1. Please verify whether Ser109 is surrounded by fewer than 15 Cβ atoms within 10 Å (Cβ to Cβ) and either assigned to a loop (DSSP other than H, G, I, E, B) or among the acidic types (Asp, Glu) (or both), treating the condition exactly as stated.
2. Restricting to region 86-103, name every residue that is of a type in the set (D, E, K, R) and buried (at least 17 other Cβ atoms within 10 Å of the Cβ).
3. Within region 65-100, how many residues turn out to be of a type in the set (A, V, I, L, M, F, W, C) and not in a strand (DSSP E or B)?
4. Against the condition modelled with pLDDT under 95 and in the same structural domain as Ala121 (by TED's automatic domain parsing), how does Gly67 come out, does it pass?
5. Looking only at region 54-85, how many residues end up being in contact with an Asp or Glu (Cβ under 9 Å, 6 or more places away or on another chain) and surrounded by 14 or more Cβ atoms within 10 Å (Cβ to Cβ)?
6. Residues being farther than 24 Å from Lys120 by Cβ, in contact with a strand residue (DSSP E or B) (Cβ under 8 Å, 6 or more places away or on another chain) and in contact (Cβ under 8 Å) with a residue 40 or more places away in the chain: count how many of those fall in region 43-85.
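The values are calculated or read from the model by the stated rules, or taken from the named source; none is laboratory data. Please read all numbers here as calculations on a predicted model, not as lab measurements. Cβ placement follows ideal geometry from the backbone for every residue including glycine, while neighbour counts extend to all protein chains displayed.
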Amino acid sequence: MRNPKRAFLTGAGILAVGTLITLAIAAVDVVRFHGSRLVDITVTNTSARHIRWFKVVQEAHKGEVEGGQLFPGQSRTVRMPVKSESSYKVAVEFENGEHLVGGGLYVESGYRGSERVGEKAIDSRYAVIPL
């Protein structure tokens with residue numbers, strides 16, 4: 001004769017193991033497909049002028065990340081936190097006080113932006129970080 005308590009414990013054990021496996025698969029999915037909540041943005045000064053400061057301004061969530069100064073030919077990567085889908089622009093000030101704003105790329109976690117600051121415009125590109 002089967003013991004009902006033993007059958008219940010065996011059933012509960014199977015259910016618990018199944019739940020743990022499901023949670024583990026969900027955790028792997030979140031890490032693999034959603035990854036970091038950061039976007040890397042590399043700003044390169046392709047102009048012949050010194051950039052006194054630059055900043056990356058997130059439009060959707062109203063945040064900004066300051067990147068400091070850039071000499072001609074110099075690059076710097078900044079990390080911008082994103083909560084979900086967003087977009088950003090890059091603002092720079094040259095040493096003569098002239099301002100330039102550009103970019104405006106759509107981003108979400110797992111994207112990399114590349115901004116090239118020229119004399120009169122900012123050229124924007126992005127890529128998805130490979131898994």
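1. Numbers: surrounded by fewer than 15 Cβ atoms within 10 Å (Cβ to Cβ): no; either assigned to a loop (DSSP other than H, G, I, E, B) or among the acidic types (Asp, Glu) (or both): yes.
No, not satisfied.
2. Kept after step one, since they are of a type in the set (D, E, K, R), are these residues of region 86-103: 89, 93, 95, 98.
The answer is Lys89, and nothing else.
3. Of all residues in region 65-100, those of a type in the set (A, V, I, L, M, F, W, C) come to 65, 70-71, 78, 80, 82, 90-92, 94, 100.
From what's left, not in a strand (DSSP E or B): 71, 82.
Adding up the residues that qualify gives 2.
4. Details: modelled with pLDDT under 95: yes; in the same structural domain as Ala121 (by TED's automatic domain parsing): yes.
Yes, satisfied.
5. Within region 54-85, the first condition is being in contact with an Asp or Glu (Cβ under 9 Å, 6 or more places away or on another chain), and the residues that meet it are 54-58, 60, 69, 77-80, 82, 84-85.
Narrowing the set further to residues that are surrounded by 14 or more Cβ atoms within 10 Å (Cβ to Cβ) leaves 54-58, 60, 69, 78, 80, 82.
Summing the residues that are in contact with an Asp or Glu (Cβ under 9 Å, 6 or more places away or on another chain) and surrounded by 14 or more Cβ atoms within 10 Å (Cβ to Cβ) in region 54-85 gives 10.
6. 4
Listed here are the residues, each with its yes/no results for (1) charged (D, E, K, R); (2) over 15 Å from Leu38 (Cα atoms).
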site	(1), (2)
Gly63	no, no
Phe71	no, yes
Ser75	no, yes
Glu85	yes, no
Gly103	no, yes
Glu119	yes, yes
Ser124	no, yes
